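A short write-up of the structure that comes next.
Only the coordinates and a few stated rules stand behind these numbers; no lab work does. Computed from a predicted model, the values in this text were never measured in an experiment. Note that we place each Cβ from the backbone using ideal geometry, even for glycine, and neighbour counts take in every protein chain shown.
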Amino acid sequence: MAEYANIIIDISHEKLDKTFQYKVPGQLQANLAVGMQVEIPFGNGQRKTTGYVVELTDAPEYDVEKLKEIEAVVEDSVPIESQLIALAGWMRNNYGGTMNHALKTVLPIKQKTKEKKQRFVKLELGKQEARERLAMFERKNHKARARLLAALLEQNPLPYEMVTGKLNITSSVVRAMKEMEILSVEERRLYRSPFGEEFQKEKQRLVLNQKQQEIVEEIWQEFIQERHHTWLLHGVTGSGKTAVYIELIDRVVKEGKQAIVLIPEIALTYQTLVRFYQRFGERVSVLNSKMSAGERYDQFERAKSNELDVMIGPRSALFTPFSNLGIIIIDEEHETSYKSETLPRYHARETAIQRAKMAGASVVLGSATPSLDSYYHAKKGEYRLLEMTERIEEKPLPACEIIDLREELKQGNRSILSERLQELMADRLKAKQQIMLFINRRGMAGFVSCRGCGHVLKCPHCDVSLSQHNNGRMVCHYCGHEEPVPQVCPECGSKYIGGFKAGTQKIEEIVKKKFPEARVLRMDFDTTRNKTGYEKILSSFANQEADILIGTQMIVKGHDFPNVTLVGVLAADLSLFVSEFHAAERTFQLLTQAAGRAGRGRLPGEVVIQTYHPEHYCIELAAKQDYCGFYETEIACRKLMDYPPCGHMMAMLVASKDEMTAMLSAELLAKKVRQAKEKGKLPGLSVVGPANAAVAKVKDIYKKVIYFKHEDYGELVKIKDVLEDFINSHREFASVIIQFDFNPMNG
Ligand code: ADP
Ligand code: ZN
Ligand code: ZN
């Protein structure tokens, strides 16, 4: 029954990023709720607009006489949970950006879309007749028609998307067969599971092993006493974490509460989803980035109207409007995709913890290689640590072997495949087992190293690798330090110094030449560009239609290929010397995850890690799969440089179409802060840069970056606020775009 409402003007108006207070007329006082869309007069004239109620209050902030009244509630306006709006406010405060951006992130779209219909292809013939037609198509070599008919004999009806997608049949073939009255195309209301209706609930429940039970019980005992924590479940690859999540969710749902499960998109595979559908049937739904805003909205509507208990999806699933949220699970919590690269640049982990706090829910973070951040929090007692050190059924972790590529060079082998790896590959091919070759390629590596001694050029100030730029110079992405590319190695004098280049395509050629009889699949950005490429390659490999799968980090995430007994990491160093302070952490994660692909079935696995830096702690400890050892070493390095999580870092990106404008603005802002520092105003702050951003030019926009480091996150937020005010009140910044990025993940 509040008398005043704080309203944010319709979020499509980017410029009006603050709340305005309105009087709530008597007849609306009883029903108005936070999150409702309302009609309001705006500005001096008679203009009307719409806005969202962000807060209700009895305390006027302005002269009551001057406040205008809300005119009406927009018809059909459904209150978005006030909690989500509060969460948007928290995101805005903690990550920068505007309230508009934050609201747009937590609310998928504003208006109701038309009811979504799904198209199906339905068989119109009896089975016998269909089989006869199939035989005829096969005789006439009408491959697409035969394929569709065969699929319809298996499953009827088929979602249209599956026909044109997975089955790769053109709409003209469907049309032709429709004209032949073999099939029909019909529309139905959006069906529940993305797999059609064929889904069967599990017949027999997996019996949890003792470790899994202990973990479930520990979390559960706290949960039912309403002691909600953030748990970090550190379980080696194949230790049965997913089964733990499913059991926990089952219990949460039985208490009448809901669950959100975040999974990185790339690991959102059929295999995983099946496990959830088998347990929760129609009460689970999935989001993915290929969905339109309308489709996502539909799923959110279902969540709101109590049709669902479980939502699975990437980052954005976090904002599912469940009213009685009980648990949020974040699988593969170390994944960088949990950090948004658009405004607001939020981290799903931190935001999940905040949402759980507001909702009275628990959070479970799971990973075989927890982020340094999470482990650090766990060590400090902020999260509760749970460990699963063994694989299910005591399957051994794979044996790892490190191959020193410098030695290979000395022996005269200049191939990307070491002698040892070739030998093992030949052996596995003979035994009809499968092989995965992983090339560790992240973005633009660009580092320069010596193939004779392994030496890598590093920034003398920042302890990160230098990156080779198009102008031929070596550059530090943090402080801007530059130096020329050396002609010979400064360490050993070798002339084999230069950028390391090896793409998946090149490797495919080499492998095919060496093993002409092997069936090879390649998975990278080129081969997965279309919607279904990714699934096709994975399922083909799973069906053992190929012997060797070559790929980038795409192939290492969470897949279960029981027949893979050899994993080769071709150049572990490629991500180790990316010019950013996370490089070792990412490499350790990638290597451990890659190794985790081997030996998941009956047969034991083996891993070969090829490197120029066999003595690097990251490589050594990854080969031993010693997470704790890695954590201790790496955290000591971070401490030394005040890098997160041992302190906080805020990147300020300054972008402009004009390079000079970007640079001058960045310099001006850095100078401003440094001057304040000199006056003793900002104790504990360090300022690094400006420098070119890791990707210095995107679509003709030049990007500069300044880094701020402080022990206290809150202090950085304050500095951001001051800088934002300064920028907004000075016209010279009108042509630059400024963005903040807290504890950045890239560059
Ligand atoms: P993680 O998520 O830790 O990598 P998963 O949950 O995927 O591990 O489990 C690995 C494999 O072990 C899966 O094939 C899963 O079905 C199986 N599994 C998990 N728990 C059990 C159990 N209690 N008994 C038998 N098999 C199990
Ligand atoms: Zn050298
Ligand atoms: Zn530097």
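Measuring from centroid to centroid over Cα atoms, what is the spacing of segment 213-276 and segment 362-433 in Å? Each part reduced to its Cα centre gives a spacing of 24 Å. Multiplying the residue separation of ALA636 and TYR534 by 0.36 nm and removing their Cα-Cα distance gives an extension gain of 32.8 nm. The residue list THR633, GLN128, HIS347 was ranked by how far each Cα lies along the charge dipole of the chain toward its positive end, using unit charges on Cβ atoms, and GLN128 comes out on top.
Percent of Cα-Cα pairs more than 17 Å apart in segment 610-651, please. The calculated P(r) of segment 610-651 puts 42 percent of pairs beyond 17 Å.
Charges were assigned to the Cβ only: +1 to each Lys and Arg, -1 to each Asp and Glu. The resulting dipole of the chain about its Cα centre is roughly 2020 debye. Full extension of the chain segment joining ASP463 with GLN675 gains 73.7 nm, where the gain is 0.36 nm per residue of separation less the Cα-Cα distance.
Loop-located GluC sites (Glu not before Pro) in segment 301-341 (DSSP state not H, G, I, E or B) with no more than 13 neighbouring Cβ atoms inside 10 Å: GLU307, GLU341.
Checking every one of the trypsin sites (Lys or Arg not before Pro) in segment 618-679 against DSSP loop status and a limit of 15 other Cβ atoms within 10 Å picks out LYS624, LYS657, LYS679. First measure r as the distance between the Cβ atoms of ASP404 and GLU124, then evaluate 1/(1 + (r/R0)^6) with R0 = 60 Å and state the FRET efficiency to the nearest 0.05. About 0.40, to the nearest 0.05.
Remark on segment 637-744: hydrodynamic radius 14.1 angstrom, per the Kirkwood mean of 1/r across alpha carbon pairs. If you model segment 532-641 as an ellipsoid using its alpha carbon gyration tensor, with each semi-axis the square root of five times an eigenvalue, the axes come out at 28, 15, 12 Å, biggest first. A Förster distance of 30 Å, applied to the separation of the beta-carbon atoms of ASN324 and GLU39, puts the FRET efficiency at 0.45. Between GLU659 and GLU307, residue separation times 0.36 nm minus the direct Cα-Cα distance comes to 121.5 nm.
Going from the fewest other Cβ atoms within 10 Å to the most, the residues LYS122, LYS211 appear in the order LYS122, LYS211. Applying a 4.7 Å Cβ-Cβ cutoff to the chain, the cysteines left without a disulfide-compatible partner are CYS400, CYS479, CYS618, CYS628, CYS637, CYS646. Taking a point 7 Å out from the Cα of ASP427 in the direction of its Cβ, none of the residues of segment 227-264 has a backbone N less than 12 Å from it. Most simply put, the chain has about 55% antiparallel DSSP beta bridges, counting only bridges with both residues inside it. Legend: calculated FRET efficiency, TYR496 to ALA293, from the Cβ-Cβ distance at R0 = 60 Å, rounded to 0.05, equals 0.70. With the simple model of a label 7 Å out from the Cα in the direction of the Cβ, VAL695 to ALA176 spans 4.2 nm.
The modelled label-to-label distance between ALA2 and GLN271, using points 7 Å beyond Cα along the C-beta direction, is 4.9 nm. Indicate the gyration tensor shape class of the chain (rounded, prolate or oblate), computed on the Cα atoms with a ≥ b ≥ c the square roots of the eigenvalues: a/c under 1.5 is rounded; otherwise a/b larger than b/c is prolate and the rest oblate. Oblate.
Across every pair of non-identical alpha carbons in segment 312-410, the mean reciprocal distance, once inverted, gives a Kirkwood radius of 16.2 Å. Annotation for segment 293-392: trypsin sites (Lys or Arg not before Pro) lying in DSSP loop with at most 15 further Cβ atoms inside 10 Å of their Cβ are LYS380.
The distance between label points at GLU341 and GLU61 comes to 3.5 nm (points 7 Å beyond Cα on the Cα→Cβ vector).
Measuring between alpha carbons in the structure, the pairs from LYS395/LYS512; LYS18/LYS718; LYS290/LYS380; LYS304/LYS536; LYS18/LYS357; LYS166/LYS257 lying more than 27 angstrom apart are LYS395/LYS512; LYS290/LYS380; LYS304/LYS536; LYS166/LYS257.
Look at the dipole of the chain built from charges on Cβ: of ALA666, LEU591, GLN155, the Cα furthest out on the positive end belongs to GLN155.
Straight-distance candidates among the lysines for linking to LYS458, with alpha-carbon spacing under 24 Å and chain neighbours fewer than 8 residues away dropped: LYS495, LYS501, LYS639, LYS697, LYS703, LYS704, LYS709.
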